[in-house]
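One structure is given here, and the rest of the page talks about it.
Please treat every number below as a calculation from the coordinates, not as lab data. In this text the structure is predicted, and so the values were computed from the model without any measurement. Please note: Cβ atoms are built from the backbone with ideal geometry, for glycine as well, and neighbour counts cover all protein chains shown.
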Amino acid sequence: MAKGPRYRRPLRRRAEGKTNYHRRLRLIKSRKLRAIIRASENHITVQIIKSKRGGDEILASAHSKELPKNFDWEANTGNIPAAYLTGYLAGLRAKKEGIEEAILDLGLFYHRNRVLAAFRGILDAEIEIPHREEFFTGSLEERINGSHIEDYAQLLKKEDPEAYEQVFSGYLQSKIKPEKFTKVVENTRNKIESNV
């Protein structure tokens with residue numbers, strides 16, 4: 001461990017790799033609403049936040065746990081389509097609250113594709129967030145609707161049915177046909193649109 005009169009321990013959240021305080025200060029000084037996206041191994045959280053002196057105020061939010069509870073999502077809540085739907089849900093809720101624009105707050109950036117999928121969901125809900133289109137890779141656009149899961153399931157079912165049963169056992173137990181996964185995503189999106 002470093003020693004000496006000039007050594008200063010970093011703040012706890014910085015040491016844990018959770019907060020970049022320099023970037024956070026710039027975002028707060030802008031006085032704009034922040035769209036915050038955080039991903040863990042199995043879930044994603046999207047929030048629209050207003051910074052205040054006493055503490056941040058959450059104006060709209062969505063968590064991927066809501067998809068199975070309220071919108072008949074039976075697949076994994078940690079995949080790219082679930083991240084997109086969570087972002088879309090948060091964006092629609094923000095729109096309902098009268099929020100038109102925000103800035104993106106990624107914090108320390110983990111789980112890149114799922115975070116970008118949630119960001120695309122917010123944009124598709126027509127919330128204005130400054131960004132460059134190059135931010136999204138070509139393959140991400142295809143993965144948002146679950147077509148990559150569908151293609152892999154069809155390939156595996158043809159070439160190795162035993163591996164298909166093993167890899168997609170969770171989907172098959174939930175009575176989801178992985179080779180028709182895009183319909184599951186589309187149905188959940190329609191349910192979100194009709195219920196928000």
Q. For the chain, which DSSP H helices look membrane-span-like by this rule: Cα extent along the axis of 20 Å or more and mean Kyte-Doolittle of at least 0.0?
A. 80-96
Q | Listed pairs LYS69/LYS96; LYS65/LYS96; LYS18/LYS177; LYS69/LYS180; LYS29/LYS69; LYS69/LYS157 exceeding 32 Å between Cα atoms | A | LYS18/LYS177; LYS29/LYS69
Q) What chymotrypsin sites (Phe, Trp or Tyr not before Pro) in segment 55-111 are in a loop by DSSP, with at most 15 other Cβ atoms within 10 Å of the Cβ? A) PHE109, TYR110
Q | 10 Å binning of all Cα-Cα separations within segment 16-195, expressed as whole percents from 0 upward | A | 9, 36, 33, 15, 6, 1
